[in-house]
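Novice: Please see the structure below; I have some questions.
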Amino acid sequence: MEVSQTGIPGLVVVKPRVFGDNRGFFLETHSRKAFAAAGLDYDFVQDNHARSGPRGVLRGLHFQRPPATQAKLVWVVRGAVFDVAVDLRVGSPTYKKWYGIELTEDNFLRLMVPRGFAHGYVTLTENAEFMYKVDALYAPAEDGGIAWNDPEIGVAWPVTDPVLSEKDARQPRLAEIGSPFVYSEPA
């Protein structure tokens, strides 16, 4: 696999090796050994799968507060999404910066989102299916998020009128809640 830096510490794009021929393709969706060799030593404990019907469904920007923070490995198995991670680690050189990438069933790319980030995506196709691994279980009491259109963050979403859940439509701005995360220099 190839690992590419995004310019935000800890946030990387992973491109798996895909073996394809006239019958289809094969790839490893995750290899603990390959990830550890690349310096991505995560212990994933749960896999999640989401499908969104219409184009323009926006899910996010979500996170889990300490002590239940999560890192996520995310990718698409059907359709396409514009995926976004926002650095919420106070003290980070890229605090409040966001990174966006198109993840599709054809490009096989994955985004490794470390702890301390808000994460979300918007579907670019009908019936997009999104998968992700997390390194900590869901903790409802620590569920958090910020507004998808927070002007302080300024994500350039490729849709102007997204389809939102009631929860996502009322998420607060970062300035209203502050960040629960603190940056620490990599060892």
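The values are calculated or read from the model by the stated rules, or taken from the named source; none is laboratory data. Just so you know, these numbers come straight off a predicted model, no measurement behind them. Cβ coordinates were reconstructed from backbone atoms using ideal geometry, including for glycine residues, and neighbour counts include every protein chain displayed. The accessibility values were calculated without ligands, DNA or RNA, using every heavy atom of the protein model including side chains. Shrake-Rupley method; radii C 1.70, N 1.55, O 1.52, S 1.80 Å.
Novice: Using beta carbons and a limit of 7 Å, which pairs, at least six apart or on different chains, have the first residue in region 173-184 and charged (D, E, K, R) and the second one buried (at least 18 other Cβ atoms within 10 Å of the Cβ)?
Specialist: Qualifying pairs under 7 Å: ARG173/ILE146; ARG173/ALA147; ARG173/ASP150.
Novice: For a quick check of your reading: which strands (runs of 3 or more DSSP E) sit entirely within region 1-105 and have at least 3 residues that are more than 23 Å from ILE177 (Cα to Cα) and out of contact with any Leu (no Cβ under 9 Å at 6 or more places or on another chain)? If you could, list the steps in order and put the result at the bottom.
Specialist: On the way: elements: 2-5, 12-15, 19-21, 24-26, 46-52, 58-64, 72-78, 80-87, 98-104.
The qualifying strands (runs of 3 or more DSSP E) are 24-26, 46-52.
Novice: Suppose we filter VAL155, VAL182, VAL134 for residues that are open to solvent by 30 Å² or more (accessible area, probe 1.4 Å) and under 29 Å from HIS30 (Cα atoms); which single one remains?
Specialist: Residue meeting the stated conditions: VAL182.
Novice: Just the residues that are over 13 Å from the mean Cα position of the chain (by Cα) and open to solvent by 30 Å² or more (accessible area, probe 1.4 Å), please, taken from region 113-128.
Specialist: Once the filter is applied, which keeps residues that are over 13 Å from the mean Cα position of the chain (by Cα) and open to solvent by 30 Å² or more (accessible area, probe 1.4 Å), region 113-128 yields LEU124, THR125, GLU126, ASN127.
Novice: While we're here: Conditions: (1) at pLDDT 95 or above; (2) in a loop (DSSP other than H, G, I, E, B). THR160 meets all but one. Number of the miss?
Specialist: (1)
Novice: Kindly indicate the residue of region 82-106 that is in contact (Cβ under 8 Å) with a residue 60 or more places away in the chain and either within 17 Å of GLU2 (Cα to Cα) or of a type in the set (Asp, Glu) (or both) and also least open to solvent (accessible area, probe 1.4 Å) among those meeting that condition.
Specialist: We begin by selecting, within region 82-106, every residue in contact (Cβ under 8 Å) with a residue 60 or more places away in the chain; these are 82, 84-97, 99, 101.
If we keep only those that are either within 17 Å of GLU2 (Cα to Cα) or of a type in the set (Asp, Glu) (or both) as well, we get 87, 101.
Values: ASP87: 0, ILE101: 21 Å².
Of everything passing the filter in region 82-106, ASP87 is least open to solvent (accessible area, probe 1.4 Å).
Novice: Within the bounds of region 159-169, is there any residue that is open to solvent by 20 Å² or more (accessible area, probe 1.4 Å) and within 15 Å of the chain's Cα centre (by Cα)?
Specialist: Scanning region 159-169, I find no residue that is open to solvent by 20 Å² or more (accessible area, probe 1.4 Å) and within 15 Å of the chain's Cα centre (by Cα), so the answer is no.
Novice: Which of the residues belonging to region 126-141 are part of a loop (DSSP other than H, G, I, E, B) and either hydroxyl-bearing (Ser, Thr, Tyr) or modelled with pLDDT under 95 (or both)?
Specialist: At the first step, the residues of region 126-141 found to be part of a loop (DSSP other than H, G, I, E, B) are 126-127, 135-139.
Answer for region 126-141, where residues must be part of a loop (DSSP other than H, G, I, E, B) and either hydroxyl-bearing (Ser, Thr, Tyr) or modelled with pLDDT under 95 (or both): just TYR138.
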